Structures are given as C-alpha cells and as structure tokens.
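A.B. asks: I am attaching a structure below and will ask some questions about it afterwards.
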Amino acid sequence: MIIDCHGHYTTAPAAHTDWRERQLEAFLAGEPAPAYPSISDDEIRETIEKNQLRLLRERGADLTIFSPRASAMGHHRGDLGVGIAWARACNDLIARVVSLFPDNFIGVCQLPQTAGEPLDAAIAELRRCVDMGFVGLNLNPDPSGGKWNSPPITDRYWYPLYEAMVELDVPAMVHVSASCTPVFHATGAHYMNADTTAFMQLIQGDLFADLPELRLIIPHGGGAVPYHWGRYRGLADMLKKPSLDTHVMRNVYFDTCVYHQPGINLLFEVIDLDNILFGSEMVGAVRGIDPRTGHYFDDTKRYVDALDLSDKQREQVYSGNARRVYPRLDAALKARGL
C-alpha cells in the first residue's frame, strides 16, 4: 500500500473559496458573514475525480492523508471568530470528500489559530474533527502570516494543544499558511523558512522531554535541515543539548515533498529511514512539468522508486512509517482488513 501523507484540497469548489472572500469582506465591513453556500456531492466528486484522484491512480498511490488548502488557512486574516467559522467550513468539506471517497482519502484538520489568542478553540475543533474520523492536524507555527510574533513551538503556550494531541493520539504536520508580506513568497520562501525555523526551535527547547509521546511532521523534506544537517548537529552540541537522534528525531518526521532526484537522494542519505514518510503535496506548490525529465515536479513517487531500497525499506517509507506516526490511520486501515 502507498500512503501519501501530504495532500491538500487545492481544487475545492469555487463556491467554497468565494464564500471565504465574502466572509472576510463582511468582517471588514462590520457585518455578519453570509450563509455558507450549498455545495452538491457531484461538485465535490468532479473536483476530486479530475484532479487528486486521477493523479493518485496515474502515479500508483492508494491513499492520501488529506487536509484543507494550507495557503488558504489564512490565520492572519479576520479575528478568531472568523477563523473558527472558516476552519469548520474547511474541515466539514474534507469530511465530505472522505465520505465520498473513503478508500482514497482520510482527513487531517485545519485549526482556528489567531496570533495572541488562547488555543481553546483550536483544541475544540481538533476534538470535533477526531470525532468525525480525522487522524491528525495541521499546526501553523506562525499564525501571523510572516511576522513571527507568536511564541516558539516549544513554548508552554502550545502545551494545552500538545496535551490534547497526546491524549487523542494524533500527530501534527507543522505547516504555515499564506504570507502577508511580499518579502516571503508563500510556497518558495515562507514554507521553507517555517520548516527550518521549527526544527531549530525544537533543538533550542526541550519539548519532547516534557511530552515524549508527541509526534510532529515537518513537511517539504524538512526545509533546509537535511542539506545543513552538520550545522544543526553542531548547534545542538554548542547549545549543550543531547544529540539530534535522541533530542529531536525520536519525535520528528520529514516527508518526501522534494521535487528533484538529487534532493530525494540527499534526504535519504542524511535522514534515518524511520523518520521519512512518503508525500507529494499534489496538487500543490509546484504543478508544472520538469522540462529535464518530462514528468511533473510533484510526482515524488518516481524519485523514491529510483532509490536503491529493499522491498522492506520501500514498504516502510510508502506505508509503514505513516501507519506508525498516524495510529488512527492504522486503526482505520486495520478495520478494513488492510
């Protein structure tokens, strides 16, 4: 079985995204948000069958861990009330996708996060979504959208959410949303910055000493981390922290959303196989065809297939690690006899 740990509903029906803009316009005007539109099952089927499901089948994968579009989470837009309504609408749409295509998608939720606000609403939404069968969450370490005015992810501000995650046995993918500043291109800079920043924050703190059962996935191949692995090992030593394998890497995982073969080769050379989950982020940040290969940049299965891995190692990357990191996914698959 091949499980893609990183998929977003980037092709959601136009009525859904149009409502978001009208919701924000109403907020700025001091008016109530309009009613959420009626979206038929057929509309959802069309957006999925022509896009994610088609590519899933063409590329040979089986199941996608599916969440709302990350760049549209927009935690810096509106207030907490706006964020709660938007998160619920997005997560309910994911739940409908999963109900229509239960063999191919399983849900991960967006949280309502507003910089400076408590995390009570985020915890409540996480619990609601787990009750609907979701197996994880996306956690934005910078809900300000590029201003980075929230505490580091090791700060005790985040602990109530982490404690709920441990209780519910769900991991978080550490994933920022859109950038509110032109200095940081969203997918080319802000995403990579956040991945790298989150990892460095984990080195500086002692989060996993307090919460040894917490699990975090850092996407996009870990940002700059594998490429500068020696730097981070050295910084951990300078900061008088334990070695990375015990201080961080018992609890942190990277995906394979790296869009060229040399990058995948490096990821697997530097990072232990136990810490790598197959992911593609399709249809996502890079949608074009690589003129050097003739294949889509985000067809990451091709890169993993090209690696010199045993059948057991390949199974571990394609499904075993995901089932271990997402226990609720594993339980759902076992319930189906898989």
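The values are calculated or read from the model by the stated rules, or taken from the named source; none is laboratory data. A quick note: this is a predicted structure, and the numbers were derived from the prediction, not measured. So basically every Cβ, Gly included, is an ideal-geometry build from the backbone, and we count neighbours across all protein chains shown. Side chains included, ligands, DNA and RNA excluded: accessible areas come from the protein's heavy atoms. Shrake-Rupley method; radii C 1.70, N 1.55, O 1.52, S 1.80 Å.
A.B. asks: When only C-alpha pairs under 8 Å and at least 6 residues apart count, what is the relative contact order of the range 1-156, in percent?
C.D. replies: 23 percent
A.B. asks: Based on the alpha carbons, how large is the Rg to Rh ratio for the chain when Rh follows Kirkwood?
C.D. replies: With Rh from the inverse mean 1/r over Cα pairs, Rg/Rh is 0.94.
A.B. asks: Search the structure for amide H atoms under 5 Å from the amide H of Glu281, placed 1.01 Å from N in the peptide plane, and list their residues when 5 or more places away or on another chain.
C.D. replies: Those lying under 5 Å, H to H, from Glu281 are His6.
A.B. asks: Now for a separate question. List residues of the range 178-203, by number, whose backbone nitrogen lies under 15 Å from a label position 7 Å along Cα→C-beta of Met238.
C.D. replies: Only 200-201, 203 pass the distance filter.
A.B. asks: Could you compute the FRET efficiency for Arg336 and Asp206, with r as their C-beta to C-beta distance and R0 at 30 Å, rounded to 0.05?
C.D. replies: 0.15
A.B. asks: Roughly how much of Cys129 is accessible, in Å² to the nearest 10, using a 1.4 Å probe?
C.D. replies: For Cys129, solvent-accessible area is about 0 Å².
A.B. asks: Based on the alpha-carbon gyration tensor of the range 127-279 and its eigenvalue square roots a ≥ b ≥ c, which shape applies: rounded if a/c is under 1.5, prolate if not and a/b is larger than b/c, or oblate?
C.D. replies: Judged from the Cα gyration tensor, the range 127-279 comes out rounded (a/c under 1.5).
A.B. asks: Another one. Taking 51 Å as R0, compute the FRET efficiency from the Cβ-Cβ separation of Tyr159 and Arg54 and round it to 0.05.
C.D. replies: E(calc), rounded to 0.05, equals 0.75.
A.B. asks: Would you tally the net charge around Asp155, using a Cβ to Cβ cut-off of less than 15 Å, leaving Asp155 out, and scoring K and R as +1, D and E as -1?
C.D. replies: Combined, the nearby Lys, Arg, Asp and Glu give -4.
A.B. asks: Okay, next question. Would you mind calculating the relative contact order of the range 270-338 from Cα pairs under 8 angstrom and at least 6 residues apart, reporting the percent as a whole number?
C.D. replies: 36 percent
A.B. asks: Something else now. Put His247, His260 in order of accessible area, largest first, 1.4 Å probe: what do you get?
C.D. replies: So the residues, ranked largest to smallest area, are His260, His247.
A.B. asks: Extension gain Arg22-Arg292, at 0.36 nm per residue separation less the Cα-Cα distance, in nm?
C.D. replies: Here the segment from Arg22 to Arg292 would lengthen by 93.0 nm.
A.B. asks: Can you tell me the length gained on complete extension of the stretch Glu213 to Leu266, counting 0.36 nm per residue apart and subtracting the Cα distance?
C.D. replies: Gain in length upon complete extension: 16.3 nm.
A.B. asks: Turning to a different aspect of this structure: Which residue fluctuates the most in the chain, going by a Gaussian network model with Cα springs under 10 Å, if the choices are Asn138, Asn275, Asn149?
C.D. replies: Highest fluctuation of the listed residues: Asn149.
A.B. asks: Kyte-Doolittle cut-off 0.0, length cut-off 15 Å along the helix's own axis using Cα: show which whole DSSP H helices in the chain pass.
C.D. replies: For the chain, where a helix must reach 15 Å along its axis and average at least 0.0, the hits are 80-100, 120-131, 191-204.
A.B. asks: What is the ratio of the Cα radius of gyration of the range 9-151 to 2.2 N^0.38 Å, where N is its residue count, to two decimals?
C.D. replies: 1.06
A.B. asks: Sequence gap at least 6, Cα distance under 8 Å: using those rules, report the relative contact order of the chain to the nearest whole percent.
C.D. replies: 18 percent.
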